[in-house]
Amino acid sequence: MKTNLLPALKLTLVSLIFFSGIYTLVIWGIAYISPNGGNGEIITANNKKYYSNIGQSFTEDRYFNSRPSAVGYNAAGSGGSNKGPSNPEYLVQVQARIDTFLVHNPAVKKAEIPSELVTASGSGLDPHISPEAALIQVKRIAKVRNVSEAKLIALITNNTEKPLLGLFGTSTVNVLKLNINLDSNP
């Protein structure tokens, strides 16, 4: 027992010092030297400050819709709904989102709706949608704003963020930045 107990205690002490102290300081240091001191990108629009890494609610027909949030876009309470895809309550909620989307986008067929427009992300605060999810909303916004679809497609293209190093992840569109650009380019 003595031969196992002493190495286990040493390993516990070393892990405690490393993960509670050294590792934490290294991560804090990296965040400190990053832009905005690790607080994320702050965007000011219409005399309001927004964090570009936190999803915002956009439901007006003149804006690109954001991804639904399970926490009402409250960054203090980040989290998913924890309801599985076979949960009846969850299915009713998703169907209601589909029905609402179809009412506001009558030219779209149910099968064409990207899943991120009717399901919340794991954190409930995802600020991104896919370029496909943005493109499917172009007809509605073009009609409401009386803007050409080509102009909106160009705006989406200009706001598409490519995968890291062209390899890691997928292309995404930050809905907040897209809608701010939409308002500033009538």
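We did not get these values from a lab; they are worked out from the coordinates using the rules stated. If you're wondering where the values come from, they're calculated on a predicted model, not measured in any experiment. Cβ placement follows ideal geometry from the backbone for every residue including glycine, while neighbour counts extend to all protein chains displayed.
The length gained by stretching the chain between residue 83 and residue 39 to full extension, at 0.36 nm per residue less their Cα-Cα distance, is 12.8 nm.
Looking at the range 98-186, the trypsin sites (Lys or Arg not before Pro) that sit in a DSSP loop and have at most 10 other Cβ atoms within 10 Å of their own Cβ are 109. Computed over the range 91-166, the convex hull of the alpha-carbon atoms projects to a mean area of 6.3 nm². Note that the range 53-60 has calculated 3J(HN,Hα) couplings of 8, 10, x, 10, 8, 10, 10, 5 Hz, one per residue in order, obtained from phi through the Karplus relation 6.51 cos²θ - 1.76 cosθ + 1.60 (θ = phi - 60°); glycine and proline are x. Diffusion coefficient (Stokes-Einstein, Kirkwood radius over C-alpha pairs, 4 °C, 1.567 mPa s) for the chain: 67 µm²/s, rounded to a whole number. Here is the size of the range 15-121 from its Cα atoms: Rg then Dmax, 19.2, 59 Å. Largest GNM mean-square fluctuation among 96, 120, 111, using the chain with Cα springs under 10 Å: 111. For the cross-link pairs 139/177; 139/162; 83/110; 48/110; 83/139, which exceed 26 Å when the distance is taken from alpha carbon to alpha carbon? The answer is 48/110; 83/139. Distance between the C-alpha centres of the range 82-121 and the range 132-146: 18 Å, rounded to the whole angstrom. Computed from backbone phi, the HN-Hα couplings of the range 135-148 come to 5, 5, 9, 4, 4, 4, 5, 4, 5, 5, 8, 6, 10, 6 Hz, rounded to whole numbers (Karplus: 6.51 cos²θ - 1.76 cosθ + 1.60, θ = phi - 60°; Gly and Pro given as x).
So if R0 is 41 Å, what FRET efficiency would residue 158 and residue 17 give, r being the distance between their Cβ atoms, rounded to the nearest 0.05?
Numbers: r = 48 Å, r/R0 = 1.17.
Once rounded, the FRET efficiency stands at 0.30.
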